[in-house]
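Inspection log for the structure reproduced underneath, given as structure tokens.
Each reported figure results from applying straightforward, stated rules to the coordinates on display, with no laboratory input. Predicted model, so just to flag it, every value in this text is computed and none were measured. Neighbour counts run over all protein chains shown; Cβ positions are idealised from the backbone, glycine included.
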Amino acid sequence: MHHFFVNPGQVEDGLIRITGPDVNHIKNVLRVRQGEKMLVSDGTGRDYLCQAEEIAGQEVVVRIFEIEDRKSTRLNS
């Protein structure tokens, strides 16, 4: 599964908007298609299991299906 990193501000209302150089990599190198799953991390200890929803222009929009908060997981271990 592909893994990408975003800023926490790109996570909003159950969606993540991936921008910048990752867009070219997603579209043209990996050739991700609508419906494919990927893992996205926001740098705060949260990982999101997502599905590609829209791949167009300079943005890839993915829908969040599951959130894993590694900070609280570590604290409980």
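General observations
- Multiplying the residue separation of ASP69 and MET1 by 0.36 nm and subtracting their alpha-carbon distance yields 22.6 nm.
- Here the dipole of the chain is about 240 debye; that uses its Cα centre as origin and unit charges on the Cβ of Lys and Arg (positive) and Asp and Glu (negative).
- Projecting the Cα atoms of VAL23, HIS2, ALA52 onto the charge dipole of the chain (Cβ charges, centred on the Cα centre) puts HIS2 farthest toward the positive pole.
- Length, then width, then depth: along the principal axes, the Cα atoms of the chain run 40, 21, 21 Å.
- Peptides 61-71, 16-26 ranked from most to least packed give 16-26, 61-71, packing being the mean of other C-beta atoms within 10 angstrom over each peptide's residues.
- Contact order, relative form, for the chain: 31 percent (alpha carbon pairs under 8 Å, 6 or more residues apart, mean separation divided by residue count).
- Helical contribution to [θ] at 222 nm, DSSP H n ≥ 4, -39,500 (n - 2.57), averaged over the chain, rounded to 500: -3000 deg cm²/dmol
- Globularity ratio of the stretch 9-51, using Cα Rg and 2.2 N^0.38 Å: 1.17
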